[in-house]
Amino acid sequence: MTGALAALGPAGAPVVAQVTAIEASLFAFVVLTALFTALARDVLAAVIIFGAYSLGMAALYTFYRAPDVAMTEAAISAGVTTVLLLLTLAKTTRIDHEAAFESVNLPAAGAAGLLFGGLMLTMGDIPAVGSPDAPIWSNPDVTQWYIAETYAETHVENTVMAVLAAFRGFDTFGEAVVVFAAGIAALIVLHREVFA
Amino acid sequence: MSLVDAPLAAGVTLGDFLLVAAAGFAVLAVGMLYRAVVGPTMQDRVLAVNVLGTNTVVILAILGAALDEPTFLDIALVYALLNFLMAIAISKFTVERGGVL
């Protein structure tokens, strides 16, 4: 993590220190908002804090040079999800609660902790950002083939787009099937016959 | 040599200074979270999240200048717009039940 970020500044040490300060506060912010979203007793409060969570998450994505992911996070999570959740709240009822925070269900928290620990164990096997041992660099034949042949094969100018829509077409097709199935399920629940 | 590399003082460039400023704003975000969590009214929370959103836009803009990445400004713009939308949606929801957009 710090290895790749050190390359941002001309001379390593001071820049790494500042960069880590930004990272640390953004991480603290994201973890805190996630925690309070889970614990808030009032649903509307949870929706609002969840909006703050996606703000921090998008800033973090931007910081790691993934502006496309940040844009998606901003549009979907902060914009669409908030409005959808509010619409759902408007159609249902919101109960006023005495306590501000939910009491923690210990078995559920334990299961979530175990899952978290299991996932963290795999972190050691992920290559560092920009590491020459990463699979993407150790298989130059494969990666270079995509860069060289994408346009001839698919006539799509953007390689990332071509991989998503053409080379990984079946995967994307599967996603479209899932979305379509969800739409059908919504129609059945709403007792409607057409998407309109 | 870009403007970001311009020296401000001994060993400190403008880029370093901007990164420190961005870190300061990120620390402030954690403080603003207090009002969003504690409330006590919904208006407090909406206002807190709105301030947090503006803070995020400022962080993104400063990072864009410090790391010399003009594309960060596009994300900052998207965020400014979405932040407004979110505040409107939640405010409208709390005023007239059932109306969101």
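FYI, it's all coordinate maths here, none of it is from the lab. These numbers were taken from a predicted model, which means no experiment stands behind them. Backbone-built Cβ (ideal geometry, glycine too); neighbour counts: all protein chains shown.
Give me A:53, A:151, B:34 ranked fewest to most by other Cβ atoms within 10 Å of their Cβ, as a rough exposure proxy.
B:34, A:151, A:53
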ask   = Cα gyration tensor of chain A, axes a ≥ b ≥ c as square roots of the eigenvalues: rounded (a/c below 1.5), prolate (a/b > b/c) or oblate?
value = oblate
ask   = If you place +1 on the Cβ of every Lys and Arg, -1 on the Cβ of every Asp and Glu, and leave all else neutral, what size is the dipole of the protein assembly as shown about its Cα centre, to the nearest 20 Debye?
value = 1060
remark   = Hits in the range A:42-78: amide N under 19 Å from the 7 Å Cα→Cβ extension of residue B:77, namely A:59, A:62-63, A:66-76
task = Select from B:17, A:33, A:165 the residue farthest towards the positive end of the dipole of the protein assembly as shown; place +1 on Cβ of Lys and Arg, -1 on Cβ of Asp and Glu, and compute about the Cα centre.
result = A:33
query = Residue-wise, which Karplus ³J(HN,Hα) couplings in Hz belong to the range A:177-194, taking 6.51 cos²θ - 1.76 cosθ + 1.60, θ = phi - 60°, and x for glycine or proline?
reply = 4, 4, 4, 5, 4, 5, x, 4, 4, 4, 4, 5, 5, 7, 6, 10, 10, 10
note = In terms of the alpha carbon gyration tensor, root eigenvalues a ≥ b ≥ c, rounded if a/c is under 1.5 and otherwise prolate when a/b exceeds b/c or oblate, the range B:7-92 is oblate
Residues whose placed amide H lies under 5 Å from that of residue A:101, excluding near-sequence neighbours = A:41
remark   = Footprinting proxy, B:13, A:154: sorted fewest to most Cβ within 10 Å, the residues are A:154, B:13
